[in-house]
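Scroll down for the structure; my scribbles are underneath it.
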Amino acid sequence: MTTRQRIERITAALWGEYGDETLEARTRLRSDPLDSLVRTILSQNTSDVNSDRAFARLKERFPTWSQVLAADVGEVEEAIRVGGLANIKAPRILGLLASVNAAHGALDLSGLADLPAGEVQRRLLRYHGVGRKTAACVLLFALGRPAFPVDTHCLRIARRLRLVAPSCSADRAHDVLDKVVPDELKLKLHVSMVMHGRRRCRPTAPSCEGCPVRRWCAYPSVA
């Protein structure tokens, strides 16, 4: 079986298990790039429900990004507190907005839609607090480009399914998975891997009984 065939079968198995539950992720498709960047910061180390609440409350308190940038960090913290780690995320959001504003003279990234994917990634990585995963999320969700964001769930599962080496770093995994996962499967595999990591394929004591991709898994030898 080729790598492509294995990825196709893994994607089909995971999508069959979680596809109906990924609607929330799919609603972020074609969102504003700057909204997507802030959403990604808010999503760190919390649930989608809480990060969505934090984003909604931030936008309710500050209808424009210019108002957020002009606000005191404590005000931003209070607005996003429901999402958790507000004392960490508020400075990151303000730093991001300041970085974007300095680069463009405006808080507007809509022009990214007209650029090649490689140039979009290069520009995004210059902004404060933006790494490979965040840039890939903007490409995939906001701009509808083929990209494969590698979060902790995707990295853990990719290692266990031997799609990357057991010692593969997140940066290296972005390069490998972006190359080997067919463009048309990137969205489905990413969102279903995230669901699988949350529901079943946990860092410790994963629920292996009845796992839809058990036949390809190297756990526990690749923990």
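The values are calculated or read from the model by the stated rules, or taken from the named source; none is laboratory data. None of the values given here were measured: they were computed from a predicted structure. Backbone-built Cβ (ideal geometry, glycine too); neighbour counts: all protein chains shown.
Annotation note: of SER43, SER47, SER51, the sole residue that is loosely packed, with under 13 Cβ neighbours inside 10 Å, under 22 Å from LYS188 (Cα atoms) and either without any contact (Cβ under 8 Å) to a residue 60 or more places away in the chain or of a type in the set (A, V, I, L, M) (or both) is SER47. When we screen ARG202, ARG156, ARG126 for residues that are within 16 Å of the chain's Cα centre (by Cα) and either among the charged types (D, E, K, R) or over 23 Å from GLU21 (Cβ atoms) (or both), the only hit is ARG156.
For segment 132-145, filtered to residues that are over 14 Å from VAL194 (Cβ atoms) and surrounded by 16 or more Cβ atoms within 10 Å (Cβ to Cβ), the residue that is nearest to the chain's Cα centre (by Cα) is THR134.
Residues checked against (1) hydrophobic (A, V, I, L, M, F, W, C); (2) within 17 Å of LEU139 (Cβ to Cβ):
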{"site": "ASP178", "(1), (2)": "no, yes"}
{"site": "PRO182", "(1), (2)": "no, yes"}
{"site": "HIS190", "(1), (2)": "no, yes"}
{"site": "GLY197", "(1), (2)": "no, no"}
{"site": "THR204", "(1), (2)": "no, no"}
{"site": "CYS217", "(1), (2)": "yes, no"}
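Can you name the residue in segment 100-123 that is among the acidic types (Asp, Glu) and farther than 15 Å from GLY144 by Cβ and is also nearest to the chain's Cα centre (by Cα) among such residues? Residue satisfying both the conditions and the ranking: GLU119.
The residues of segment 54-69 that are within 21 Å of SER110 (Cβ to Cβ) and either surrounded by fewer than 17 Cβ atoms within 10 Å (Cβ to Cβ) or of a type in the set (Ser, Thr, Tyr) (or both), listed by number, are LYS59, PRO63, THR64, SER66, GLN67.
In segment 192-208, the residues that are within 17 Å of ALA218 (Cβ to Cβ) and at pLDDT 95 or above reach residues that are assigned to a loop (DSSP other than H, G, I, E, B) and of a type in the set (Phe, Trp, Tyr) with C-beta atoms within less than 9 angstrom, at least six apart or across chains, in these pairs: CYS201/TYR219; PRO206/TYR219; CYS208/TYR219. Take ALA158 and decide whether it is assigned by TED's automatic domain parsing to the domain that holds ALA13 and buried (at least 24 other Cβ atoms within 10 Å of the Cβ). For ALA158, the condition - assigned by TED's automatic domain parsing to the domain that holds ALA13 and buried (at least 24 other Cβ atoms within 10 Å of the Cβ) - is met. Summed over segment 96-112, residues that are part of a helix (DSSP H, G or I) and crowded, with 17+ Cβ neighbours inside 10 Å total 4.
Against the test of being closer than 24 Å to ASN45 by Cα, outside any helix (DSSP H, G or I), at pLDDT 95 or above and of a type outside the set (Ser, Thr, Tyr), the options PRO149, PRO91 yield a single qualifying residue, PRO149.
I'd like to check something: does segment 124-139 contain any residue that is more than 17 Å from ASP32 (Cα to Cα), without any contact (Cβ under 8 Å) to a residue 12 or more places away in the chain and part of a helix (DSSP H, G or I)? Scanning segment 124-139 turns up no residue that is more than 17 Å from ASP32 (Cα to Cα), without any contact (Cβ under 8 Å) to a residue 12 or more places away in the chain and part of a helix (DSSP H, G or I).
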